[in-house]
1. Between beta-carbons, use under 11 Å as the cut-off and find the net charge around Ser230, counting Lys and Arg +1, Asp and Glu -1.
2. Counting Lys +1, Arg +1, Asp -1, Glu -1, what net charge surrounds Leu128 among other residues with beta carbon under 12 Å of its beta carbon?
3. Work out the length of the dipole vector of the chain about its Cα centre, built from +1 on the beta-carbon of each Lys and Arg and -1 on the beta-carbon of each Asp and Glu, and round it to the nearest 20 debye.
4. First compute the accessible area of the stretch 38-190 with a 1.4 Å probe, then give the percent of it belonging to carbon and sulfur atoms.
5. Assigning unit charges at the beta carbon (Lys, Arg +1; Asp, Glu -1) and nothing else, what dipole magnitude in debye, to the nearest 20, does the stretch 92-209 show about its Cα centre?
6. Using alpha carbons only, how many angstrom separate the centre of the stretch 1-42 from the centre of the stretch 98-153?
7. May I ask you to give the solvent-accessible area per residue for the chain, in square angstrom, as obtained with a 1.4 angstrom probe?
8. Over the stretch 121-179, with a single point scatterer placed on each C-alpha, what log10 of the ratio I(q)/I(0) does the Debye formula yield at q = 0.15, 0.20, 0.23 1/Å?
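The values are calculated or read from the model by the stated rules, or taken from the named source; none is laboratory data. These numbers were taken from a predicted model, which means no experiment stands behind them. In this analysis, Cβ positions are derived from the backbone assuming ideal geometry, glycine residues included, and neighbour counts consider all displayed protein chains. What goes into the accessible areas is simple: the full protein's heavy atoms, side chains included, and nothing from ligands, DNA or RNA. Shrake-Rupley method; radii C 1.70, N 1.55, O 1.52, S 1.80 Å.
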Amino acid sequence: MSRIALTRAVSASLVRCELTYLERAPIDLDRARQQHATYESLLTSLGWHIVRLPTLDDQPDAVFVEDAAIALDELAILAPMGAASRAGESLTVEEALSRFLPVKCLTPPATLDGGDVLRVGRRVFVGLSRRTNAAAVDQLRRLLDPYEYEVIPVSVSGALHLKSACSFVGGDTLLANTKWVDVRPFPGMTILPVEKSEAWGASVLFLEDHVVMASGFPRTAHALRVRDLSVEVIDLSELRKAEGGPTCLSILLPSPKGDGGSAPAV
Ligand code: GLY
């Protein structure tokens, strides 16, 4: 049975996206849409069934669906998003997720973007970033304690989200830009650092036996391939100009009960 990935089409207003660490550069909207279609096709070819959320043309960043929610095995969690301009994205994400999982919500003063949440087994690492605050960590900890998840804050600086700066790539390995993320909260994990020239290369989507990554990071791709990972490289140049990456273009749902699996490490 296919696993489900929630996605959303590129908005007509993408060129007015939020930017935090990048300078604004012209975005070719048609090309962004082609790149997004390629991403969806790749997930489909890897066994994921795409469920598209309604297009929100007046929400520039809506294609980056991951930021509106977290999907774990037992529940999904919505939170006030870290950028006020993105608040209009949440409702349709909540509606879609509630078809598959119980949904719980964090409340102000918490702000959290899903791009700041990296789950590895029963550990939920939460980036303290420009978008996600300590109140979100506290609320998440209270919410997830009964499910026996450990919630661990991680300092992020220089990158928008935790998963702009690091990604779980299987086994005990964390691909990381160690300038942007404090790796001390990951004891026992092997840190695979990206090279200085490939600062943005640490943001990859790990799908158990495949890694999806943006083009432009050949050394990082090589470092993953020599670890026997199957690396799928796609051009995401236009979406990267909007400070997006491979993880934030989808919300990956856990396996249906009885399928033997759990949510991928996201
Ligand atoms: N442009 C992506 C974001 O700022 O959320």
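1. With Lys, Arg at +1 and Asp, Glu at -1, the net is -2.
2. -2
3. 320
4. Using a 1.4 Å probe with all protein chains present, the stretch 38-190 comes out at 53 percent carbon and sulfur.
5. Charge dipole, the stretch 92-209, about its Cα centre: 280 debye, nearest 20.
6. The stretch 1-42 and the stretch 98-153 have Cα centres separated by 25 Å.
7. 41
8. -0.47, -0.79, -0.96
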